[in-house]
1. Scan the range 54-108 residue by residue and report those that are more than 20 Å from Asp155 (Cβ to Cβ), hydroxyl-bearing (Ser, Thr, Tyr) and touching a strand residue (DSSP E or B) at 6+ places or on another chain (Cβ under 9 Å).
2. Out of the range 329-385, which residues are under 24 Å from Ser229 (Cα atoms) and part of a loop (DSSP other than H, G, I, E, B)?
3. Among the residues of the range 159-197, which ones are over 19 Å from the mean Cα position of the chain (by Cα) and among the acidic types (Asp, Glu)?
4. Would you pick out the residues in the range 117-153 that are out of contact with any His (no Cβ under 8 Å at 6 or more places or on another chain), free of Cβ contacts under 8 Å to residues at least 60 places away in the same chain, within 18 Å of Ala58 (Cα to Cα) and not basic (Lys, Arg)?
5. If you check Leu372 against the conditions, is it of a type in the set (A, V, I, L, M), out of contact with any helix residue (DSSP H, G or I) (no Cβ under 9 Å at 6 or more places or on another chain) and either at pLDDT below 95 or closer than 20 Å to Asn113 by Cβ (or both)?
6. Please specify each residue of the range 344-382 satisfying the condition of being basic (Lys, Arg) and more than 18 Å from Leu247 (Cβ to Cβ).
7. Going by the structure shown, is Thr284 crowded, with 16+ Cβ neighbours inside 10 Å and either among the polar types (S, T, N, Q) or free of Cβ contacts under 8 Å to residues at least 24 places away in the same chain (or both)?
8. If you check Ser321 against the conditions, is it surrounded by 13 or more Cβ atoms within 10 Å (Cβ to Cβ), out of contact with any Cys (no Cβ under 6 Å at 6 or more places or on another chain) and not in a strand (DSSP E or B)?
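The values are calculated or read from the model by the stated rules, or taken from the named source; none is laboratory data. Keep in mind that what you see is a predicted model, and the values were worked out from it rather than measured. We place every Cβ from the backbone using ideal geometry, glycine too, and count neighbours over all the protein chains shown.
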Amino acid sequence: MRVLGEVCYNLTKCVLVLFRNLDKKYFEGVPMLSCNFVIFVAMLMLFAGTIAQVDGSAPRKLAKPVEDGFWLRPSKECPAEPIIGHKDGLRISIHPIHNGPRGLIRIHVPYVNPGEHSIVNFIAIEPIVGGKRGFSELERSKLDNQQGLRMWFSDSQDASEKLSWEAPQGEISHIIVGGKRIETLSVYLHVEKFENGAHPYLKVIFREDRPNEVGFQVYAHKDSAQMESCILTATMGNYTRCRLLWLKDEVVDSRDIWKDYQGSDFVYTDDFPEERIRREKDGTLIVAITPNETNLAVPVPAGGWYYGGKAATQYWRKYPSSSKTTGVRVRVNGRAMYYGTNTLIPGGVAFENFELIEAFKPGNELWFGVTLRTPKEMGWEIKNR
């Protein structure tokens, strides 16, 4: 069925492109009925291709992304790998890159975890409506009844459903910062409507002067239920065995919060309020997690998640232009076993989800980053660390 879908989909595109590019003179004397019939057949093929791929199965071959100045952008050929970001820095992608679960934004960091996909973490979208939290990774799609809501990139705020591999190249623009011209790359990321009625979308932003970061502006479609918050949560701290949470003037160790815990469930703790979050001299709020180990590329027990990359600092940052919201707080949870397994994480319980929470306002902006710099090198001054 997937092969049929690919054939119908690609053949239809060829037919439509041919009709679009042919000069009108070639159709002089051709009965309108004949032209309409050809277009009708093409549309039927497109419909067949769509139905054949209703389960979201990806084509077997996707065009590789292309380098363009500072950037890595999806190929203009379709189907294309839906990956976008810095050529020599952090990038993001969505399913089916790296296979794995749907409903998640993949964070690729080749300078930290070299390899074909270089994934370090995932980010889920989790809006709250009437106290009920939505889960982009866990909810079932209304389009194909598979686990994980569908996501796709777009050049506009229009939420029209697309297949993820129909990926746009994003828009290159410029801003002026301190008298300097800074190049930016942006694209919209859409997700299906959630069970709680929330229907958010993101504007994804990359800046040439922030090669280790990606920015997310959060908005709501007109048909969205009113959101109390729209949380972006980094979901996989266990992968890099992050156990240290860096706040304003303290470092919290997961093994101190959940002493001796060895169960298979998530474990929780109270949120950390804004006054405990580090604020830089320019007003930027920043919070980070790091491993307690310097060498993570060591064998793990059978069933565990081997990580062959370098130890790095992962952080959420809220710049002054976007930090006007009060009541921002940090939330983490932990696990002693790798998710979906009965395998204990070597070294003890580690943080899993890591997020900044704030009341929803259209245009709320957060930046997520991964750097090889230590928190100390980033400006933290904490004794005994």
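1. none
2. Passing the criteria: Glu358, Ala359, Phe360, Lys361, Pro362, Gly363.
3. Selection gives Glu183, Glu195.
4. Result: Asn145, Gln147, Leu149.
5. On the way: of a type in the set (A, V, I, L, M): yes; out of contact with any helix residue (DSSP H, G or I) (no Cβ under 9 Å at 6 or more places or on another chain): yes; either at pLDDT below 95 or closer than 20 Å to Asn113 by Cβ (or both): yes.
Taking the combined requirement at face value, the residue satisfies it.
6. First, the residues of the range 344-382 that are basic (Lys, Arg): 361, 373, 376.
Selection gives Lys361 alone.
7. Values: crowded, with 16+ Cβ neighbours inside 10 Å: yes; either among the polar types (S, T, N, Q) or free of Cβ contacts under 8 Å to residues at least 24 places away in the same chain (or both): yes.
Yes, satisfied.
8. On the way: surrounded by 13 or more Cβ atoms within 10 Å (Cβ to Cβ): no; out of contact with any Cys (no Cβ under 6 Å at 6 or more places or on another chain): yes; not in a strand (DSSP E or B): yes.
When the stated conditions are applied, Ser321 does not pass them.
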